[in-house]
Amino acid sequence: MSSSVANLVNKFRGCLAGGLIGDCLGSPFEADNPISRSVLYNFLTKQLEESAKMFQMFPFTDDTAMTKSMAQSFIELKRFDAKDMAKRFSVEYFKDPKRGYGGNVVDVFAALRHTHYEYPYEPARLQFNGSGSYGNGGAMRTSPVALFGFHLSDAELIELATNCAKITHSNRNGYNGAILQCLAIREALQTQSSPTDHSFDVNVYLNSLIEKMQKVETTICTETDNNDSHNKSNGVPETPFTDKLNKIKKIFESQTKVNELSGEKVAYILGNDVSALKSVPSAIYSVLRGQTPIEAFQSTNPFVRTLYFALSLGGDTDTIASMACSIAGALYGNDLIPNPLRKHCEDIDLLIKYSEDLYDLVPNK
Ligand code: F2R
Ligand code: MG
Ligand code: MG
């Protein structure tokens, strides 16, 4: 895998900074469904002001807490170690539990601690009577996998993303959501962006993701997939993420259709909840929607438009905005992210440091 992308370090920074910004600025609206247009407009306009009189710092939530643990594990060990990652998730949760974690994943952290991290995949396998979690918790924290695994082949990256997600999310739709989010970031990192023209080929981007997810979703489930039977119809594996990507492709075939669809309508079509299936495709849609002007929020900056559109979906706003902005940050790079946005976010300097540490680990630069 070639790593000769111009300004790659700037894209690495943009990815982790973007994820943090989406999380911090999305969390005040989490579960607002639908979200008030005027409240959102005023909120984002205020956060973009250079000299806001009343400066407000927004804390990160579980999305970033878990992203930080993943980054720390890769940076310190320089390899993937499931036990180490599991321990970091659990230790971080018990140190700072009030970060808005998912309702059931906290049981995984408790069981991991109880068993001294000896069997890092076992607690997640037992969730939901053995069907595993399909929540978006595996996907929301996957950006360090795309950065650490930037140089890997698709097959190696997919395996790494799966193994990282399965520590908490053993349902096929839980870890396949993490795979899609990881591939969406890596594809964005590999896309050459110009300092003046930020547009990229939506069709090429989507076709690549569709082809890869089709392969992922039609691969025969292994014995460790405890929910195999839930994902086959007449012996044919279901391909829900590929189907959603194809839906997105169909929408983007007509610019008029794209312009007509409000956040609320897109949330109805693609979803906006805490499941990976109803949030990862919505995040990807938001990035693509950010390519062209949005009437309800005028901005020439595609990163800002992505953030606005992701928030306008309502529902799981911190997570959808975090996933969308980590892809957008990987696509456009850190320099395109307006400074006032980053100033509002807890730990921005630390996330930038982690992105640079992960960049240092990319071989053959
Ligand atoms: N939890 C939240 N938001 C709730 C409100 C937080 C509030 N602000 C506060 O501070 O109190 N947000 C975070 O959770 C999402 C990620 O969740 P994760 O890590 O996937 O957790 P979990 O528990 O595994 O799954 C979430 C829920 O999905 C349902 N579910 C999952 N698998 C299921 C299955 N097989 N069968 C039935 N239901 C399943 C359950 O309701 C889980 O509780 C992010 O939004 C993050 O920001
Ligand atoms: Mg959260
Ligand atoms: Mg959330």
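In a DSSP loop and with at most 16 other Cβ atoms within 10 Å, the GluC sites (Glu not before Pro) in segment 264-348 are 295, 346. Short-range pairs are left out: with C-alpha atoms under 8 Å and at least six residues apart, the relative contact order of the chain is 35 percent. Pairs spanning more than 32 Å between alpha-carbon atoms, out of 46/215; 95/343; 247/353; 278/343: 46/215; 247/353. Sparsely packed loop sites in segment 1-108 (the chymotrypsin sites (Phe, Trp or Tyr not before Pro) outside DSSP H, G, I, E and B with at most 15 other Cβ atoms within 10 Å) comprise 55.
Each of 93, 111, 150 was placed along the dipole of segment 76-155 (beta-carbon charges, centred on the mean Cα), and the one lying farthest toward the positive end is 93. Converting phi to 3J(HN,Hα) with the Karplus coefficients 6.51, -1.76 and 1.60 and the offset θ = phi - 60°, segment 240-245 yields x, 6, 4, 4, 5, 5 Hz in sequence order, with x at every glycine or proline. Loop-located GluC sites (Glu not before Pro) across segment 38-81 with a Cβ neighbour count of 12 or fewer within 10 Å are 49, 50, with loop assigned by DSSP.
Using only helices, what value at 222 nm comes out for the chain when you add -39,500 (n - 2.57) per DSSP H run of length 4 or more and divide by the total residues, to the nearest 500 deg cm²/dmol?
My calculation for the chain gives -18000 deg cm²/dmol from helical runs alone.
The packing ranking, built from the mean of other Cβ atoms within 10 Å per residue, places the peptides 171-180, 335-344 in the order 171-180, 335-344, highest first. Counting only lysines at least 8 places from residue 98 when in the same chain, those with an alpha carbon closer than 20 Å to its own are 68, 87. Pairwise Cα separations in the chain fall into 10 Å bins from 0 onward with the following percentages, short to long: 6, 27, 37, 24, 6, 0, 0. Just the protein heavy atoms count here, and of the accessible area of the chain at 1.4 Å, carbon and sulfur take up 51 percent.
The values are calculated or read from the model by the stated rules, or taken from the named source; none is laboratory data. Here the structure is a predicted model, which is why all the values come from computation and not from measurement. We place every Cβ from the backbone using ideal geometry, glycine too, and count neighbours over all the protein chains shown. Heavy atoms of the whole protein, side chains included, go into the accessibility calculation; ligands, DNA and RNA do not. Shrake-Rupley method; radii C 1.70, N 1.55, O 1.52, S 1.80 Å.
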